[in-house]
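To start, the structure under review is shown below, and the notes come after it.
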Amino acid sequence: MSLRQTLKGTGVALVTPFTAKFEIDFESLGRVIDAVIKGGVEYVVTLGTTGETPTLSKDEKIALISFTYDKVAGRVPVVVGIGGNDTYSLIEDLKTFPLEKAAAVLSASPYYNKPSQEGIYQHYKLLAEVSPKPILLYNVPGRTGRNMTAATTLRLAELPNIAGIKEASGDMGQCMQILRDRPENFLVVSGDDALTLPQIACGMDGVISVAANSVTKPFTDMVRHCLAGNFAAAKALNDRLIEAYDLMFAENNPAGVKAFMAEQQLLSNYLRLPMLALSEGLHQQVKAYLKK
């Protein structure tokens, strides 16, 4: 079975819960993993940006990967995030992180350095050559400062160990060009919760979601309706979720979704600096939304 089939549907970019001492709260993480699997996600992503990875040490990242494998226990595939702006440091991570049980590696395009398109291509080409697992590209220019063009994505899609992309440019024209010209087994998933419905309508295979940490069942049901071509039912669910998307991303990610999850008693509402918990006014709006 190709990765495009294995990772079809909803993946969730897991948050990293913290205790009041800002240590990783593995008990809460286990609760979150059980909840999202029960809610219907097709796979989980550990060490995505939503997991506050810039604030995690290498040892913490390895511990999170191992814990996630153990807690998931084969119920769904696990994708591991390994991205950054130092190519050779990432190569070392790919060689040393526990990836034996991973379905794939999700790797964000280099941030801050603002490489050329050729630099982005050569970066991913090297990662693909050494990675023990298929690479999923991740284009998120709102965070990285550099868009990966459709031409670069399609060029990378021809390489043997690059299996797909999480596309979060928000550029529907760019997305449609990738979908039109991609190789048959090249996975294309949304990285924008609020655009998932129209992007699946254009041909995407699903989404790696932030919202699915919290509003799991309605979101995964919406995605399944989209993939089945039942867009009237999908729209009915999505219309109810639009306000949630707005609240989750109003200040930053994952402050928004963690506020939702704290109200659902899935975790304690702590983030590591420089991230802060959602402001009080917005948090009250989250409470009001969940009461509805």
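Can you bin the range 95-237 into rounded, prolate or oblate? Criterion: square roots of the alpha carbon gyration tensor eigenvalues sorted a ≥ b ≥ c, rounded for a/c under 1.5, prolate for a/b above b/c, oblate for the rest. Here the range 95-237 falls in the prolate category. Per-residue Karplus couplings for the range 53-64, computed as 6.51 cos²θ - 1.76 cosθ + 1.60 with θ equal to phi - 60°, are listed in order as 4, x, 9, 9, 6, 4, 4, 5, 4, 4, 5, 5 Hz, Gly and Pro entered as x. Note on the range 172-292: with charges restricted to the Cβ of Lys and Arg (+1) and Asp and Glu (-1), its dipole about the Cα centre is near 260 debye. Between the amide H of residue 188 and those of 165, 205, distances stay under 5 Å, these residues lying 5 or more places away or on another chain, with hydrogens modeled in the peptide plane. Note on residue 19 and residue 180: the model spin-label points, each 7 Å out from Cα along the C-beta direction, lie 5.5 nm apart.
Once the Cα-Cα distance is subtracted from the 0.36 nm per residue extended length, the residue 280 to residue 73 segment shows a gain of 70.8 nm.
When GluC sites (Glu not before Pro) are flagged only if DSSP places them in a loop and at most 16 other Cβ atoms lie within 10 Å, the longest unflagged stretch of the chain comes out as 24-99.
Across 222, 248, 176, mean-square fluctuation computed from a Gaussian network of the chain (C-alpha pairs under 10 Å connected) peaks at 176.
Counting alpha carbon pairs within less than 8 Å and at least 6 residues apart, what relative contact order, in whole percent, applies to the range 164-219? List each step's numbers first, then the result.
Values: 64 pairs, mean separation 19.1, N = 56.
Over the range 164-219, the number comes to 34 percent.
Under a model in which nothing but the beta-carbon of Lys, Arg (+1) and Asp, Glu (-1) is charged, the chain shows a dipole of about 380 debye around its Cα centre. Using C-alpha pairs below 8 Å separated by at least 6 residues, the relative contact order for the chain is 20 percent. Each of 204, 142, 66 was placed along the dipole of the chain (beta-carbon charges, centred on the mean Cα), and the one lying farthest toward the positive end is 204.
Looking at the chain, what % of its DSSP beta bridges pair antiparallel, to the nearest 5? Just about 5 percent of them are antiparallel. Assuming R0 = 41 Å, what is the FRET efficiency of residue 34 and residue 57, from their Cβ-Cβ distance, to the nearest 0.05? Working from the Cβ atoms, E equals 0.95.
Couplings 3J(HN,Hα) of the range 129-135, computed from phi: 5, 9, 5, x, 10, x, 9 Hz, in residue order, whole Hz [Karplus 6.51 cos²θ - 1.76 cosθ + 1.60, θ = phi - 60°; x for Gly and Pro]. Centroid-to-centroid, using Cα positions, the range 97-169 and the range 179-220 are 17 Å apart. Between 88, 43, 69, the GNM of the chain built on Cα springs shorter than 10 angstrom shows 88 fluctuating the most. Each of 257, 57, 84 was placed along the dipole of the chain (beta-carbon charges, centred on the mean Cα), and the one lying farthest toward the positive end is 257. With kT/(6 pi eta Rh) evaluated at 20 °C and eta = 1.002 mPa s, and Rh the Kirkwood radius from Cα pairs, the range 208-292 diffuses with a coefficient of 160 µm²/s according to Stokes-Einstein. Entry comment: accessible area of the range 82-142 is 44 Å² per residue, from protein heavy atoms only and a probe of 1.4 Å.
What's the whole-number percent of alpha carbon pairs in the range 193-257 lying beyond 13 angstrom? Before the final figure, lay out the partial values.
On the way: 1209 of 2080 pairs.
When every Cα pair of the range 193-257 is considered, 58 percent fall beyond 13 Å.
With a/c under 1.5 counting as rounded, go ahead and sort the range 243-292 into rounded, prolate or oblate using the C-alpha gyration tensor (a ≥ b ≥ c being the square roots of the eigenvalues; past the cut-off, prolate if a/b is larger than b/c, else oblate). Here the range 243-292 falls in the oblate category.
Can you compute the FRET efficiency between residue 171 and residue 114 using 1/(1 + (r/R0)^6), with r the Cβ-Cβ distance and R0 = 22 Å? Round to the nearest 0.05. Present the calculation step by step, with values, prior to reporting the outcome.
Working: r = 18 Å, r/R0 = 0.80.
Step by step, r from the Cβ atoms, then E = 0.80.
Here's the list of lysines a cross-link from residue 95 could span, going by alpha-carbon distance under 30 Å and ignoring same-chain residues fewer than 8 apart: 8, 58, 61, 71, 114, 125, 133, 166.
Determine the dipole magnitude for the range 177-228: charges of +1 sit on the beta-carbon of Lys and Arg, -1 on that of Asp and Glu, nothing else is charged, the reference point is the Cα centre, and the result goes in debye to the nearest 20. Present the calculation step by step, with values, prior to reporting the outcome.
Working: 4 positive and 6 negative charges, 18 e Å.
With only Lys, Arg, Asp and Glu charged at Cβ, the dipole is about 80 debye.
Please work out which option in [x] 6, 30, 38, 22, 3; [y] 6, 25, 33, 29, 7, 0; [z] 7, 28, 34, 20, 7, 3, 1, 0 gives P(r) over Cα pairs in 10 Å bins from 0, in percent calculated from these coordinates, and answer with its label. Label of the calculated value: [x].
Once you have a ≥ b ≥ c as the square roots of the Cα gyration tensor eigenvalues for the range 1-119, tell me rounded if a/c is under 1.5, and otherwise prolate or oblate according to whether a/b is larger than b/c. Cα axes put the range 1-119 in the oblate bin.
The values are calculated or read from the model by the stated rules, or taken from the named source; none is laboratory data. Note that the structure is predicted; figures quoted are calculated from it, not measured. FYI the Cβ positions are ideal-geometry reconstructions off the backbone, even for glycines, and counts take in every protein chain you see. When the accessible area is computed, the model is the full protein with side chains, heavy atoms only, and any ligands, DNA or RNA have been set aside. Shrake-Rupley method; radii C 1.70, N 1.55, O 1.52, S 1.80 Å.
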